[in-house]
Amino acid sequence: MIEAIGLGKRYGPHVAIEDVSFAVQKGEVLAFLGPNGAGKTTTMRILTGFMSATAGTARIAGFDIFDHPMEVKRRIGYLAENPPLYREMTVAEYLTFVAKIKGLSGRQVTVALGDVLEKCALGHVAKRLIPNLSRGYKQRVGLAQALVHNPEVLILDEPTTGLDPQQIIEIRQLITSLAGGHTIILSTHILPEATAICQRVVIINKGRVVAVDSQEHLSARVRQTEQISLGVRRPQPDTVSILNTLTGVCRVTPKPMDDNGQVFIVESELGQDIREALSETVYKNGWGLLEMRAITLSLEDVFLHLTMQETGLDPAHVETPEPTETPLA
Amino acid sequence: MRNIGILVCKELRTYFISPIAYVVAAIFLAISSYLFVSQAMYISALSMQMVRFQQEIPPLDIHQTVFLPPFLNMTIILLLVLPLLTMRLIAEEARGHTMELLATSPVRSIELVMGKFLAAWLVVLIMLAITLHWPLMLMSATTIAWKPLFSSYLGLALMSGLFVAIGLFASSLTENQIIAAVISFGILIGLWLTGSGSSDNSTYTSVIGYLSLSAHVEHFVRGLIDTRDLTYLISMTVFALFLTHLMVESRRWK
């Protein structure tokens, strides 16, 4: 549905983005993740036709964004970082104007307006002037504006910035409910957001794509071993050595004792599932199993790992063993 | 075409919801009406006097005596108020981020420029149309020379079109409305004054003289429709609109 091929944008010597390529399938939700100033907005502005690129191109719904800009624009709904709202219009007037300018006419406009007011739960503020709305409602009007002509592709630039937690949840639910019917790209610098609503993540840093994959795959790529956190009630002095004898276990790190017992971080080779053997050992020795859970790297860890690596910083404080090879080189 | 219509409606709404159109129209109409009424009273007093002293009454040219002076002054008033009407047209879209909506909608930049131009011009034409009550009022008192009057209104309408186009261009250069207004004042006053004061016949002065806005408009207002003046006003307007189109389009390439 969306395919970016080697997009680049330079301002004189300053490179905003370089060689940005990725593809989004129909009905998929893709997150653009990166620190502020990474080039997320620039990429989105190029995709929507607001800006030109200095290199590369992109295809949306089969149309080249530079050869057929009108066809592309008809199929895109775009919510910019600052929602493009007119101060002198009411919500209904504004959405009617947007529907018309996006190419709807006659009955279609009325139907689209009713639909979008309901979808975004704006019905009761339809007659209010836009500047009198709260930040959360303005954002919803912005989203409604992107949705009103029922576009195939939605491009949302930081849709939850500046909202309170309740509003963030509402907007996320709204976006999740739209997935499937629309192909969605959204940008964010908030990591849990990407995990919460997106199937795939493009991590972008300093204008370059650092990684494109699903969250699980990304954490697997950064991680070199499987890690299990094992909590027992009555650890013995020989617990570490016994655990080390199990097949597949390569390292056991005991955590300090506390009142409830002790936690051991058991590392095993990639692809080895040692949970069954572990629980059996604990049970046979009567240590008293309290908890056992696989440690997955959060997106934060992956993100830090990838972006630090890019700048050559030491990723040691990320909770992973020293990388023996660069996973994404 | 459809998009132009949608944009014209939207701009007209904005003009008539915000006080700007009313303020500009009120000031324009108040000043020009005052000038017209005082001129009409002066001429009427003068003709009374002539009748009283039983002088030979020279044939009174109603257009030259009553309408010409206020119309000439009107051109200056329009020059001073129209930049205030046009300054927000594009600057405000850029500043309020709504340009992102328009530029990512299936609207060509030429449609955007034409929509805004036509809306603002229409507001000025409404203002001019209101002044039509002057000759209508005088109809009961005297015979109106409609032909030169038509020529005057045609000239004023075309001239305000050019003013609006230049104002629109100035508005496309910046996000700041004040700067847009100052730039259009600069261009308009510059065009108005070129050619005044030089009298030799060199190519330079004739070119500069042709550019002079005031001379072309004055022909119309006096009752002369000359293709040279028509060409001047229309081509300058088209040129200003074309430059605006280029400016809007070039934002994409920045």
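The values are calculated or read from the model by the stated rules, or taken from the named source; none is laboratory data. The structure presented is a predicted model; accordingly, all values stated were derived computationally and were not measured. Cβ atoms come from the backbone with ideal geometry, glycine included; neighbour counts cover every protein chain shown. Keep in mind that these areas ignore ligands, DNA and RNA; they rest on the heavy atoms of the full protein, side chains included. Shrake-Rupley method; radii C 1.70, N 1.55, O 1.52, S 1.80 Å.
Points worth noting:
- Here B:Phe150 does not fit the description of being within 23 Å of B:Leu230 (Cβ to Cβ) and buried (at least 18 other Cβ atoms within 10 Å of the Cβ).
- Every residue from region B:227-254 that is within 14 Å of chain A (Cβ to nearest Cβ) and without any contact (Cβ under 8 Å) to a residue 60 or more places away in the chain: B:Ser250, B:Trp253, B:Lys254
- When B:Gln55 is tested against the conditions (1) away from chain A (no Cβ under 14 Å); (2) part of a loop (DSSP other than H, G, I, E, B); (3) at pLDDT 90 or above, the lone failure is (3).
- Hey, B:Leu89 at pLDDT 90 or above, within 14 Å of chain A (Cβ to nearest Cβ), surrounded by 22 or more Cβ atoms within 10 Å (Cβ to Cβ) and farther than 26 Å from B:Leu125 by Cα or not: no
- In region A:11-38, the residues that are in contact (Cβ under 8 Å) with a residue 24 or more places away in the chain, outside any strand (DSSP E or B), closer than 13 Å to A:Ile204 by Cβ and open to solvent by 10 Å² or more (accessible area, probe 1.4 Å): A:Pro35, A:Asn36
- All of B:Ser172, B:Ser202, B:Ser206, B:Ser235 fail the test of being open to solvent by less than 40 Å² (accessible area, probe 1.4 Å), out of contact with any Lys or Arg (no Cβ under 7 Å at 6 or more places or on another chain) and not aromatic (Phe, Trp, Tyr), apart from B:Ser172.
- Selection status of B:Thr244, in contact with a helix residue (DSSP H, G or I) (Cβ under 7 Å, 6 or more places away or on another chain) and closer than 23 Å to B:Thr75 by Cβ: yes
- Of the criteria (1) within 20 Å of the chain's Cα centre (by Cα); (2) within 14 Å of chain A (Cβ to nearest Cβ); (3) modelled with pLDDT of 90 or more, which one B:Leu29 fails: (2)
- Verdict on B:Ile31 being open to solvent by less than 80 Å² (accessible area, probe 1.4 Å) and closer than 30 Å to A:Met89 by Cα: no
- Filter result (closer than 10 Å to A:Ser229 by Cα and either modelled with pLDDT of 85 or more or surrounded by 12 or more Cβ atoms within 10 Å (Cβ to Cβ) (or both)) within region A:276-298: A:Glu291, A:Met292, A:Ile295
Results for (1) among the aliphatic types (A, V, I, L, M); (2) open to solvent by 50 Å² or more (accessible area, probe 1.4 Å), shown as yes or no for each residue.
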residue: B:Thr75; (1), (2): no, no
residue: B:Leu85; (1), (2): yes, no
residue: B:Gly96; (1), (2): no, no
residue: B:Thr104; (1), (2): no, no
residue: B:Glu111; (1), (2): no, no
residue: B:Met114; (1), (2): yes, yes
residue: B:Phe117; (1), (2): no, no
residue: B:Trp121; (1), (2): no, yes
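Residues are listed down the side, and each one gets a yes or a no for (1) in contact (Cβ under 8 Å) with a residue 40 or more places away in the chain; (2) of a type in the set (A, V, I, L, M, F, W, C):
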| residue | (1), (2) |
| --- | --- |
| A:Met51 | yes, yes |
| A:Thr57 | yes, no |
| A:Phe66 | no, yes |
| A:Arg75 | yes, no |
| A:Asn82 | no, no |
| A:Leu85 | yes, yes |
| A:Leu95 | yes, yes |
| A:Val98 | yes, yes |
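- The residues in region A:79-118 that are closer than 23 Å to A:Pro131 by Cβ and away from chain B (no Cβ under 14 Å) can be counted, and the count is 4.
- Taken as a whole, the structure leaves A:Ser214 outside the set of residues that are among the small types (Gly, Ala, Ser) and at pLDDT 80 or above.
- Residue check: B:Arg13 meets all listed conditions (1) loosely packed, with under 14 Cβ neighbours inside 10 Å; (2) within 14 Å of another protein chain (Cβ to nearest Cβ); (3) modelled with pLDDT of 90 or more but one, namely (1).
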